[in-house]
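One structure below.
The values are calculated or read from the model by the stated rules, or taken from the named source; none is laboratory data. Predicted, not measured: the structure shown is a model, and the values here were computed from it. Note that each Cβ is placed from the backbone with ideal geometry, even for glycine, and that neighbours are counted across all protein chains shown. For the accessible areas, the whole protein counts, side chains as well, though only heavy atoms, and no ligand, DNA or RNA atoms are used. Shrake-Rupley method; radii C 1.70, N 1.55, O 1.52, S 1.80 Å.
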Amino acid sequence: MSARMVAALGLALLAGCGAPREASTPAVEPEPEVEIQPATAGQLHQAVRAGGARVVLLNVWATWCAPCREEFPDLMRLRREYRERGLRLVLVSADIDSQLPEARRFLIDQGVDFLTYLKQGADMPFIDSLDARWSGALPATLLYDGAGRQLWFHEGKTTYDSLKARIDRVLTAPSDTVP
Amino acid sequence: MKPGATSWMVLGMLAIAVTAGAAEEGTKALAIGKAAPMADVKMTGVDGKSFSIMDVKGPKGTLVLFTCNSCPWVKAWESRIAELGNTYAKQGIGVIAINANDPKAKPEDDMPAMQVRAKALGLAFPYVMDATSDVARAFGATRTPEAFLFDAGGKLVYHGAVDDNAHKPAEVSARYLHDALAATASGKAVATKETKSLGCTIKFRSRPTSS
């Protein structure tokens, strides 16, 4: 069952448990939703190569990872600033199943309203498939061009300025080099 | 300039840009076959005594494990780590667990918390604090937990994870560290020498600035 289905089921159960609402009761604001889809490294590569983006920023994070949480606002800021110019942000949580509610809360708090992913499969093939230089420490950030060619890899916390400079470099490349 | 030429030129520029941003410390992990660096550096243990890697060196080998109190990956593995360390410490493998995290970054990694963890886990080997994080730097360690196993001759024979499933012990299919310890304790070659797992970054202490 997908994380989204679990959340929807939970909300439905909660709604069903309450007493019937009076007609005058103000409508309860629907809880914001965020989709967390399980994905292997291969599926993430497919997501990176999916059309429509000129540059793709992939970040592997986890709720228990302090530097991941610290850099997260910068990733969201970059998405806001560059989305219309062709940036796609691919967020991959390395949380385990029991940490999913916390991951969901964090994503909602950060304003994430788009599809995100949850790492699946054994650690070592996942790590090596994304980048053989990655030791496995979180966070990890990778930059790809629109064709899914990897341009950059970074292990550990990044900075807004560093990422911005790299994204600018890709976006200012002539369009005939960016399929 | 012809469009094709532009493409090749820019592709070349992009290729140059395909780089790896180093992790914080930017050092490569100790290579298989190498000796333990900074092996004579004394580090304070949870019992108040000082230990170096040389001090704990076993007749059949030495396990150096970078770990901490705070990382969920460590917490998932810690009972297996304690069991492995306690078991092989009796079989001629010297064992030392090193916490290189800066307690300023992770308050639960301070010495009192280390003492609590060591007691709760029943560690029969030293659990010490790398008070400068320099030992971890010298090893090129990046995460917790991260194991470095040396053979009787002091050469690195295994580097990596405890096993292939931190969070579901019942689903472990490859006991990397156990197998490496068993082989080393028997004087045999380690089959799988390097493995990886997800883990927490080591929260390195800042290096003092020279004035």
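When the charge dipole of the range B:29-201 is built from unit charges on Cβ atoms (+1 for Lys and Arg, -1 for Asp and Glu) and taken about the Cα centre, the candidate among B:Met114, B:Ala191, B:Thr44 whose Cα reaches farthest toward its positive end is B:Ala191. Within the range A:32-171, antiparallel bridges make up roughly 45 percent of the DSSP beta bridges whose residues both belong there.
Going by the alpha-carbon gyration tensor, a ≥ b ≥ c the square roots of its eigenvalues, is the range A:32-171 rounded (a/c under 1.5) or, if a/c is not under 1.5, prolate (a/b greater than b/c) versus oblate? Since a/c stays below 1.5, the shape of the range A:32-171 is classed as rounded.
So, with a 1.4 angstrom probe, what is the percent of accessible area on chain B that is carbon and sulfur?
Numbers: 5590 of 9770 Å².
Solvent-exposed carbon and sulfur of chain B make up 57 percent of the total.
Distant-in-sequence amide contacts of A:Trp152, defined by a placed amide H-H separation under 5 Å and a gap of 5 or more residues or a different chain, comprise A:Leu143, B:Thr19. Ligands, DNA and RNA excluded, the heavy atoms of B:His178 present near 50 Å² of accessible surface to a 1.4 Å solvent probe.
Does any residue of the range B:166-211 lose at least 50 Å² of accessible area with all protein chains in place compared with its chain alone, and if so which ones (probe 1.4 Å)? Listed in order, they are B:Lys196, B:Leu198, B:Thr201.
Which value, in Å², gives the accessible area per residue of the range B:40-104 when a 1.4 Å probe is used on the protein heavy atoms? Spell out each step's value before the answer.
Numbers: 2550 Å² over 65 residues.
Accessible area per residue, the range B:40-104: 39 Å².
Seen from every direction in turn and averaged, the convex hull around the alpha carbons of chain B projects onto 16.4 nm².
The residues of the range A:32-171 expose on average 39 square angstrom of accessible surface per residue, using a 1.4 Å probe on protein heavy atoms.
What percent antiparallel are the DSSP beta bridges of the range B:54-211, to the nearest 5? Let's see the in-between values first.
Values: 12 of 23 bridges.
Counting only bridges with both partners in the range B:54-211, antiparallel ones make up about 50 percent.
Using the crude model of +1 on Lys and Arg Cβ and -1 on Asp and Glu Cβ, and no other charge, please compute the dipole size for the range B:168-211 relative to its Cα centre, in debye to 20.
Details: 8 positive and 3 negative charges, 49 e Å.
For the range B:168-211, the charge dipole is close to 240 debye.
Out of every Cα pair in the range B:122-204, what percent are spaced more than 21 Å from each other?
On the way: 1267 of 3403 pairs.
That tail contains 37 percent of the Cα-Cα pairs.
The heavy atoms of A:Leu171 present about 10 square angstrom of accessible area, all protein chains included, probe 1.4 Å. Only the Cβ atoms of Lys and Arg (+1) and of Asp and Glu (-1) were treated as charged; on that basis the dipole of chain B about its Cα centre amounts to roughly 260 debye.
Since only A:Val170, A:Leu100, A:Ala122 are under comparison, the one whose Cα sits farthest along the positive direction of the charge dipole of the range A:32-171, derived from C-beta charges on Lys, Arg, Asp and Glu, is A:Val170. By the Cβ distance rule of under 4.7 Å, chain B has these cysteines without a partner: B:Cys68. Of the residues in the range A:54-92, those shielded by at least 10 Å² of accessible area once partner protein chains are present, compared with the chain alone at a 1.4 Å probe, are A:Trp64, A:Ala66, A:Pro67.
Counts of other chain beta carbons within 10 angstrom of each beta carbon in peptide A:120-128 average 4. Leaving ligands and nucleic acids aside, the A/B contact buries around 2600 square angstrom of accessible area in total at a 1.4 Å probe radius. In straight-distance terms, cross-link reach from B:Lys42 covers every one of the lysines whose alpha-carbon lies under 24 Å from its own, apart from those fewer than eight places away in the same chain; here that gives B:Lys28, B:Lys34, B:Lys57, B:Lys60, B:Lys90, B:Lys104, B:Lys106, B:Lys119, B:Lys155, B:Lys203.
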